[in-house]
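One structure below.
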Amino acid sequence: MDEKPGPRVGGLVDVAGVRDEVLAHLASALTPALERPAEVSLLFVDQLSVAMTSYLVDNYGRVATAAEPRANRLLSRSHEARVKEMLRSKMDGSISIAEIADACNLSRSYFIRAFRETTGQTPHQWLTAQRLERARALLKDFERPLADVAAACGFADQSHFTRVFSQYTGMPPGSWRKKTQLEK
């Protein structure tokens, strides 16, 4: 709440028994992280908690705030470069939104919006894409075990790597590797 511009929100409106589809979807996005805590990225959980908190304050805050015109919120080139380097240095996602936002002197919620508007992706999505890009490069070394590729790219283990890789590419890393090898 301290990061939001305008008057301070004194609490939340009581809406017991009312189903909120947005909040339900945000909570369901958190479910896999709770089911597999060893595989969860701190960056993902942190990002989701900021989104949930912002949503609650915006929609259920007791103080009505005037809607601000949504200006383009872009990161400067230097901030974008700094953030991307920070994310790459923690391929396992063990960095918090607060750490990154602090490095740019921005609030967490403003940073997430600015990053998304600058890159077209959330920080977690961007980092996942970087991890998968690195994985594809490492998979071209046909002798390197999949478990080593998973570890080098910040995945919890080989099965976590296989699930994420398959979700994004449509095939498991071993099959992708074989296909790449045959195309040579």
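Quick notes
- Quotient of Cα Rg and 2.2 N^0.38 Å for the chain, N being how many residues it contains: 1.21
- Projected over every direction and averaged, the convex hull enclosing the alpha-carbon atoms of segment 100-148 yields 4.4 nm².
- Cα-centre dipole for segment 86-169 with unit charges at Cβ (Lys and Arg positive, Asp and Glu negative), debye to 20: 220 debye
- Accessible area of the chain belonging to carbon and sulfur atoms, whole % at 1.4 Å probe: 52 percent
- Positive dipole terminus of the chain, leading residue within 96, 79, 166 (C-beta point charges): 166
- Range in the chain, longest, excluding exposed GluC sites (Glu not before Pro) [loop by DSSP; at most 16 other beta-carbon atoms within 10 Å]: 4-142
The values are calculated or read from the model by the stated rules, or taken from the named source; none is laboratory data. Given the structure is predicted, the values throughout are model-derived calculations rather than measurements. Glycine also receives a Cβ, built like all others from the backbone with ideal geometry; neighbour counts cover every protein chain displayed. Heads up: the accessible areas ignore ligands, DNA and RNA and are worked out on the full protein's heavy atoms, side chains in. Shrake-Rupley method; radii C 1.70, N 1.55, O 1.52, S 1.80 Å.
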